[in-house]
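Note sheet for the following structure.
The values are calculated or read from the model by the stated rules, or taken from the named source; none is laboratory data. All of these numbers come straight from a predicted model, not from anything done at the bench. Here Cβ is always computed from backbone atoms with ideal geometry, including for glycine, and neighbour counts include all displayed protein chains. For accessibility, only protein heavy atoms count, side chains too; no ligands or nucleic acids. Shrake-Rupley method; radii C 1.70, N 1.55, O 1.52, S 1.80 Å.
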Amino acid sequence: TSTPISVVRSSFSTRLAALWIQFPIVPVSLIVIIVSVRINAILASLDHMSTNSKRRHEQILRRLLCQSLLPALYGIGVIVYALQKRKNSHELGHLTMIIISLLTALSPLFTLFFTLLYREAL
């Protein structure tokens, strides 16, 4: 019997490159959430904006928050990929590609859902 040959060798440089890309996801996501909450608080305290303008700004901020948190979902893909490597399962490898494909589709869907004019047109 032959053992499966890995296409990508697991070396220090490849792990460092992967961490370089994956590590900033969590801190940046937390910063985005904190800034979004602060901006919403500032918008709520403004008296010179109409209720309609405040509502539209909140919708835009909510959409931007969701879209900016999409890269955090790549962490799920990374976890599934690591499990696939550990268990040598081809099904989990397909799941990784499905997760990444869904992330690509979610960004325009957030725009359609969170923007009132687009949502009313649907």
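Among residues of the stretch 35-57 that are in contact (Cβ under 8 Å) with a residue 24 or more places away in the chain, those with a Cβ under 7 angstrom from a residue that is open to solvent by less than 70 Å² (accessible area, probe 1.4 Å) and not hydroxyl-bearing (Ser, Thr, Tyr), sequence gap 6+ or separate chain, pair up as SER36/LEU61; SER36/LEU65.
Consider the stretch 42-62 and keep the residues that are more than 23 Å from PHE113 (Cα to Cα) and assigned to a helix (DSSP H, G or I). The one that is least open to solvent (accessible area, probe 1.4 Å) is SER45.
Checking the condition assigned to a helix (DSSP H, G or I) and exposed (fewer than 15 other Cβ atoms within 10 Å of the Cβ), which residue from LEU65, LEU70, LEU16 passes?
LEU16
All conditions but one from (1) touching a helix residue (DSSP H, G or I) at 6+ places or on another chain (Cβ under 7 Å); (2) aliphatic (A, V, I, L, M); (3) closer than 20 Å to TRP20 by Cα; (4) open to solvent by 50 Å² or more (accessible area, probe 1.4 Å) apply to LEU95; the one that does not is (3). Being acidic (Asp, Glu) and at pLDDT below 80 holds for only one residue in GLU58, GLU91, and it is GLU91.
Applying the criterion of being under 17 Å from ILE76 (Cβ atoms) and either in a helix (DSSP H, G or I) or touching a residue at least 60 places away in the same chain (Cβ under 8 Å) (or both) to the residues of the stretch 20-29, the residue that is most open to solvent (accessible area, probe 1.4 Å) is ILE21. Among the residues of the stretch 86-96, not a single one is among the basic types (Lys, Arg), touching a residue at least 40 places away in the same chain (Cβ under 8 Å) and part of a helix (DSSP H, G or I). Of the residues making up the stretch 112-122, those that are open to solvent by less than 50 Å² (accessible area, probe 1.4 Å) and in contact with a Phe, Trp or Tyr (Cβ under 7 Å, 6 or more places away or on another chain) number 0.
Looking at LEU83, is it open to solvent by 60 Å² or more (accessible area, probe 1.4 Å), part of a helix (DSSP H, G or I) and on the phi < 0 side of the Ramachandran plot? Here the answer is yes, as LEU83 does meet what is asked. Against the conditions (1) open to solvent by 60 Å² or more (accessible area, probe 1.4 Å); (2) under 25 Å from PHE23 (Cα atoms); (3) not hydroxyl-bearing (Ser, Thr, Tyr), GLY77 satisfies every one except (1).
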